[in-house]
1. I need the calculated FRET efficiency for the pair residue 21 and residue 53, taking r as the beta carbon distance and R₀ as 60 Å, to the nearest 0.05.
2. Using R₀ = 22 Å, calculate the FRET efficiency as 1/(1 + (r/R₀)^6) where r is the Cβ-Cβ separation of residue 65 and residue 127; round to 0.05.
3. Rolling a 1.4 angstrom probe over the protein chains, ignoring ligands and nucleic acids, what is the accessible area of residue 427 in square angstrom, nearest 10?
4. Excluding ligands and nucleic acids, what accessible area in Å² is computed for residue 249 using a 1.4 Å probe, to the nearest 10?
5. State, to one decimal in nm, how far the label point of residue 34 lies from the label point of residue 151, with both points 7 Å from Cα in the Cβ direction.
6. Pairs to check: 151/249; 147/249; 316/385; 310/339. Give those whose C-alpha atoms are more than 24 Å from each other in this structure.
7. Using a 1.4 angstrom probe on the protein heavy atoms only, could you order 224, 395, 123 from most to least accessible area?
8. Computed FRET efficiency, Cβ-Cβ of residue 311 and residue 104, R0 51 Å: what is it to the nearest 0.05?
Amino acid sequence: MVVTAQAPFADLEDTPMFRMKVSELEGGCRRLRERVAGLVAHYRRYRDALVALCKAQASFVGGLSEFFSGPEGEELTGGIPVSKYLGTLGESITYFDLLKIQIEFAADQLSSEWLGELLVGAREAHRVFERSSGDLEEAAGRCLALKKGTKREVLDRAHAELSTARLVAEEARFDVARRLSCVASRRRYSFLQLLLDSVGAHHAALRSGSEMLGRLTPLGDAARGVVAEARAAEAEVQAQLAREAARCKALSEAAAAAAAVTAAGDESGHGPVQMSAAKSEEVVAAEAALRATRAALAAGEANPPVTVIKQGYLLKRSGGGGGAGGGGGGTKVVGGEWKRRFFVLDSRGQLYYYSHKDTLLNKLRGCETHTAASTGVNLLTSTVKLDDEAEPGLRFCFRVVSPGGCLALQAECEAERAAWVALLQTTTSTLLLHTPLGGSTALTSSAAG
């Protein structure tokens, strides 16, 4: 039987999907904690009852059978059938003081490793991750709330606090991923190893029954092979996580460097986004993806290729954000509450966003079947404008204005705003070039949420 390395996380970027996976694995840790606590209790009851051999062994074998029962129990054995082990243990009729000592040691090791280290560490890492994420949002909010013309020392202090909070949140994110991955990997062999150790203790103590226990040798060899492969798989998963953490750090450092260059060149956040005559690689790739999707739709394909052009966190103004025409015609601009949302722009020309509280609170309906959506922004008829009408002093703001309304957004830095604006404008221009007269991206506008 081959054990393959299966990393619980496809990547370590801070996305709603990452947070959902963390919550899922944390829930599994809570359930495993109950199973391990029950198994530890069975070990210690067995130790205390060794003076009455039959009763003690019945309790022990019953506890093992309960622990390794059901789908989750089968997963913990690595696919090795353990019924033969359990049957042999039930036939044992003698014991030694050494057996009692070894059983007590196994119970203490199980409690120390799982109840006192792995599962508790994973739970505490999750709490630190949630707390540091909240601290990062607060630091980002304070930084983004600074007005144009703010003193340089105030800007520097705010950016330093934001950088520190981002590093702490990053380390907490990597730590919770490492700990949860460690639990997910180790549970595939640790309990099987525990079973092997328990059987080995009986084999040593029950010398008169060595021939009976020796019949388990072939199955034990297969189980040890599974343990060895699972250990190797754990090392590979940890190496993959280390490489992914290094990649994420490199991206963060590059983004921080770009933000620092922008801040050094314009400490107040003034100045429009400058569009270069030469197209960036992102713009060229976006145009190619948009053309490919439009061509597939025109050809009548049931499942046209859809590519994510850009995704990331932006602040979005809820409530009022300006009229459909971007505040023209005397429309009164009303400021609303800023909320952090995870935005996605794809090659169908759809712009939608996720919420922290819901898996897909505001995703456009119909994305899976490519039917008309009822929430979002019609990029075919939209324009992108800089700054915010309700609070013109805010930095890094831009608006997506369509006949249906205005979506007011704020990026974390000027470089990020420039990237979003360039790709949104590219999407709109490409849609105009490749949409037949009378065609539509079938999106409507919504600024609430």
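The values are calculated or read from the model by the stated rules, or taken from the named source; none is laboratory data. Model, not experiment: these values are computed from the prediction. Methodologically, a virtual Cβ is constructed for each residue, glycine included, from the backbone with ideal geometry; neighbour enumeration extends over all protein chains shown. Just the protein is used for accessible areas: all its heavy atoms, side chains included, with ligands, DNA and RNA removed. Shrake-Rupley method; radii C 1.70, N 1.55, O 1.52, S 1.80 Å.
1. Efficiency, rounded to the nearest 0.05: 0.85.
2. So the FRET efficiency works out to roughly 0.05.
3. About 0 Å², rounded to the nearest 10.
4. 80
5. Calculated label separation equals 5.7 nm.
6. 151/249; 147/249
7. Solvent-accessible surface, decreasing: 224, 123, 395.
8. Rounded to the nearest 0.05, the efficiency is 0.45.
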